[in-house]
Amino acid sequence: MKIFYTLLLTLSFSFGFEYNLKPQKVTEGVYCFFGKLENINKQNAGNMVNTCFIQTKEGFIVIDSGPTYAYAQQAYTQMQNIAKLPVKYVINTHDHDDHWLGNSFYKSKGALLIGSKTYEQNVFEGMQTRMHRVLGDRLYQNTKIVTLDRVIDTAYTFKVGEENIEIKKLVKQGHTQGDLIVFLPSKRTIFVGDLVFNGRLTSLRDGSLMGSIEALEKIDAYDAKYIIAGHGFNTDKNATKALKTYLLEIKEKVQKALDEDIGMEEITKKVPMLAYEKMKLYDVLHKNNVLDAYKELEMIEEDEDEE
C-alpha cells in the first residue's frame with residue numbers, strides 16, 4: 001500500500017501542481033480566484049494572490065495572470081467551463097511576479113498583454129524570479145517571461161464588447177512605482193491589485209507609506225460597489241478600511257517617535273501595534289513596514305528642513 005501511494009504521489013508530481021481553482025462570482029460577468037492569505041511556498045505553489053476575469057460578448061479580460069504557467073492554464077480551463085470564449089486581454093496591475101507569471105500561457109492563446117512601465121523596465125528574459133527561486137524547477141515548469149503588447153504610463157481606456165475598461169495609475173508610488181487600477185463603470189467594480197490588502201498585512205518594501213495612503217483615498221473616491229484587492233477576500237466598498245487604518249496608525253506612531261528623537265534602532269520596539277498581531281503575516285512584515293515608514297517620514301522631514 002505504501003508503494004502504491006508513493007507511486008500516486010510521483011505521478012501527480014510529474015503532471016504538475018493541481019491548484020484546484022474555483023472561480024467566485026463577484027457580480028454579473030466578474031469572477032475571481034482568491035488566493036490563500038500566506039507567503040509563497042511549495043505547498044501553495046504561489047496560490048496566494050487574487051486573479052480575476054471579466055466576461056464580455058467578445059471574450060474574457062484577465063486581471064493578473066497568476067504565479068505560474070500551470071496556474072494560468074488551469075484558470076483558463078475554469079473560464080472555458082463558464083463560456084467558450086477567447087481571452088482577449090491580460091492586464092497586469094504591477095510588476096510583482098505572483099501577479100504576472102501566467103502571461104506566457106495567455107500569450108500562447110493570442111491574448112494581448114497590458115501592463116505598466118515598471119514591468120517593461122524591471123522584467124526581462126533570463127531573470128530569476130522570486131517564484132522560481134521558492135518553487136523550484138518542477139512547479140515552475142513551462143513558465144516563461146514575455147514582453148507586453150501595450151505599456152501604460154498614466155491612463156488608457158478601451159472597449160471590449162459592451163464593456164468600457166478604464167486603466168489608470170493613481171499615484172507616483174503606492175505599493176510599487178507602477179501600480180495600475182482597472183475600473184468597470186457599468187458594474188461599479190474596481191480592481192486595485194496590491195494597493196489593497198485585507199485579511200493580512202501589506203508590505204511597504206517597494207512602495208511608499210504616504211503614496212499608499214493617497215492611493216487608498218483615491219480608490220475610495222470612486223465610490224465603487226466592489227473593490228477587488230490583490231490579496232484578501234473582502235470585495236465590498238469597505239475593502240480598503242483595514243489597510244487604511246493600519247497605515248494611518250503607522251504614520252501617526254512613527255511620526256510621534258521621530259518627534260521624540262527615537263532612533264531607527266529602537267523604532268520597532270516603540271511601534272509594535274499589537275492590535276494587528278493576529279493578522280496574517282504580522283510576524284513576517286510588520287517590523288519591516290515600521291522601518292520603511294521611519295525611513296520615508298525621516299526623509300520627508302529632512303527635505304522640509306532644507307526648504
Checklist entry - Are any of the residues in the range 208-217 surrounded by 18 or more Cβ atoms within 10 Å (Cβ to Cβ), in contact with a helix residue (DSSP H, G or I) (Cβ under 8 Å, 6 or more places away or on another chain) and not in a helix (DSSP H, G or I)? => result yes
Next on the checklist: Consider the range 77-95. How many of its residues are surrounded by fewer than 24 Cβ atoms within 10 Å (Cβ to Cβ) and touching a Ser or Thr at 6+ places or on another chain (Cβ under 7 Å)?
Outcome noted: 1
Checklist entry - Can you name the condition, by its number, that Asp283 falls short on among (1) over 21 Å from Glu214 (Cβ atoms); (2) at pLDDT below 95? => result (2)
Checklist entry - Considering only residues of the range 273-295 that are outside any helix (DSSP H, G or I) and in contact (Cβ under 8 Å) with a residue 12 or more places away in the chain, which is nearest to Leu204 (Cα to Cα)? => result Leu281
Next on the checklist: Here's a check for you: in the range 256-272, which residue that is without any contact (Cβ under 8 Å) to a residue 24 or more places away in the chain and part of a helix (DSSP H, G or I) is surrounded by the fewest Cβ atoms within 10 Å (Cβ to Cβ)?
Outcome noted: Glu265
Checklist entry - Do we have Val196 as assigned to a strand (DSSP E or B), closer than 30 Å to Val284 by Cα and in contact (Cβ under 8 Å) with a residue 60 or more places away in the chain here? => result no
Next on the checklist: Which residue is nearest to Val284 (Cα to Cα), if the candidates are limited to the range 40-51 and must be touching a residue at least 60 places away in the same chain (Cβ under 8 Å) and surrounded by 15 or more Cβ atoms within 10 Å (Cβ to Cβ)?
Outcome noted: Ile40
Checklist entry - Given the structure, is Met299 surrounded by fewer than 17 Cβ atoms within 10 Å (Cβ to Cβ), over 26 Å from Asn39 (Cα atoms) and in contact with a Phe, Trp or Tyr (Cβ under 9 Å, 6 or more places away or on another chain)? => result no
Checklist entry - Quick check: anything in the range 9-21 within 17 Å of the chain's Cα centre (by Cα), crowded, with 18+ Cβ neighbours inside 10 Å and of a type outside the set (A, V, I, L, M)? => result no
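Among the residues of the range 288-296, is there at least one that is farther than 20 Å from Gly199 by Cα and among the β-branched types (Val, Ile, Thr)?
no
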Checklist outcome for this item: The correct count of residues that are more than 19 Å from Phe17 (Cβ to Cβ) and either assigned to a helix (DSSP H, G or I) or modelled with pLDDT under 95 (or both) in the range 80-107 is 4
Checklist entry - Which residues, counting only those in the range 154-172, are of a type outside the set (A, V, I, L, M, F, W, C) and either over 15 Å from the mean Cα position of the chain (by Cα) or surrounded by fewer than 20 Cβ atoms within 10 Å (Cβ to Cβ) (or both)? => result Thr154, Tyr156, Thr157, Lys159, Gly161, Glu162, Glu163, Asn164, Glu166, Lys168, Lys172
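The values are calculated or read from the model by the stated rules, or taken from the named source; none is laboratory data. In this text the structure is predicted, and so the values were computed from the model without any measurement. Counting neighbours? That spans all protein chains shown, and the Cβs are built from the backbone with ideal geometry, glycine included.
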